[in-house]
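See structure below.
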């Protein structure tokens, strides 16, 4: 087996699925934090320069 090549069988598949799950969870945390930050600053920002969602 060559190093650095994804092997979709056995432990490789389980490890890959684990990393995918962690990445999706972290992405959701980032999106949620970004939206909370935008919502917190929206009332203070002028209407013409604000972020529209």
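The values are calculated or read from the model by the stated rules, or taken from the named source; none is laboratory data. Here the structure is a predicted model, which means the values were calculated and not measured. Here the Cβ is made from the backbone with ideal geometry for all residues, glycine too, and neighbour counts use every protein chain on show.
Is there a residue being surrounded by 10 or more Cβ atoms within 10 Å (Cβ to Cβ), at pLDDT below 80 and either part of a helix (DSSP H, G or I) or at negative phi (or both) anywhere in the range 18-32?
no
Please go through the range 37-53 and pick out each residue that is modelled with pLDDT of 85 or more and loosely packed, with under 10 Cβ neighbours inside 10 Å.
40
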